[in-house]
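The next block holds one structure in the form of structure tokens; read it before the comments.
The values are calculated or read from the model by the stated rules, or taken from the named source; none is laboratory data. Please read these numbers as outputs of a predicted model, since none were measured by experiment. FYI the Cβ positions are ideal-geometry reconstructions off the backbone, even for glycines, and counts take in every protein chain you see.
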């Protein structure tokens, strides 16, 4: 699965200029701990390193980013509760953290179900965080001057595509089907993960719109980076949608 922290891979080029803005450690010890957090090879190691950084250096400029990386790590572990907790903390530390906003938008969308008693409250958060993320991403500057413009554009587009997935799910669950399909088309145009198109189709299935869902399963299977497993899942979901239409 593609991680939300796409900007981590665009990170260091001789300085600590990465994430959403230039940040610098205040000591060699802090620099060592920041590097340990960035180079962690698995979610648990990254969570531990981020916790240590925040605990040891209360005034670190990396606080919001460390909290976001923890949220993203918990997302990889499928722990949505802690993803939201740490995502909210990252946003509290830096309200301009569009990465945290994107992650929260997607996570709230993924954890909302059609019959949830608190569905309206969750979808309001999806819409709020999604719209804030899009506003910030529209004019977000390059985090590193040495980063090629094309790479930065691709990274932003991927985040925008992920945001539209959350907004599309919200629209589908509010029976705004035209709006949902428009959002999902932006996912298809900008998002690099074909599994997000499968999620788009499933949201429409949940909304009892199987005829609308099929196109997204087809697009997921036809995506350039769709592997055999993704194609198999998309085909299975398409068959399920077709069976729902026949009933």
*Only one of these conditions is not met by residue 107: (1) within 22 Å of residue 225 (Cβ to Cβ); (2) modelled with pLDDT of 95 or more; (3) under 12 Å from the mean Cα position of the chain (by Cα). Which number is it?*
(1)
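A quick yes/no check of all residues on (1) closer than 30 Å to residue 208 by Cα; (2) touching a helix residue (DSSP H, G or I) at 6+ places or on another chain (Cβ under 6 Å); (3) crowded, with 24+ Cβ neighbours inside 10 Å:
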residue	(1), (2), (3)
50	no, yes, yes
58	no, no, no
70	no, yes, yes
85	no, no, no
89	no, yes, no
97	no, yes, yes
105	yes, yes, yes
116	yes, no, no
*From the residues in the range 212-232 that are more than 17 Å from residue 161 (Cβ to Cβ) and in contact with a helix residue (DSSP H, G or I) (Cβ under 6 Å, 6 or more places away or on another chain), which one is surrounded by the most Cβ atoms within 10 Å (Cβ to Cβ)?*
213
*Please state which one of 96, 132, 76, 89 is in contact with a strand residue (DSSP E or B) (Cβ under 9 Å, 6 or more places away or on another chain) and under 30 Å from residue 168 (Cα atoms).*
96
_Between 165, 204, which is part of a helix (DSSP H, G or I), within 24 Å of residue 132 (Cβ to Cβ), modelled with pLDDT of 95 or more and under 21 Å from the mean Cα position of the chain (by Cα)?_
165
*What are the residue pairs meeting all of these: first residue in the range 43-63, first residue touching a residue at least 24 places away in the same chain (Cβ under 8 Å), second residue in a loop (DSSP other than H, G, I, E, B), Cβ atoms under 6 Å, and 6 or more apart or on different chains?*
43/77; 46/40; 61/23; 62/23
*Which residue, of 9, 15, 39, 32, is surrounded by fewer than 16 Cβ atoms within 10 Å (Cβ to Cβ), at pLDDT below 95 and under 24 Å from residue 164 (Cβ atoms)?*
9
*Does any residue of the range 176-198 turn out to be in a loop (DSSP other than H, G, I, E, B), over 19 Å from the mean Cα position of the chain (by Cα) and surrounded by fewer than 20 Cβ atoms within 10 Å (Cβ to Cβ)?*
yes
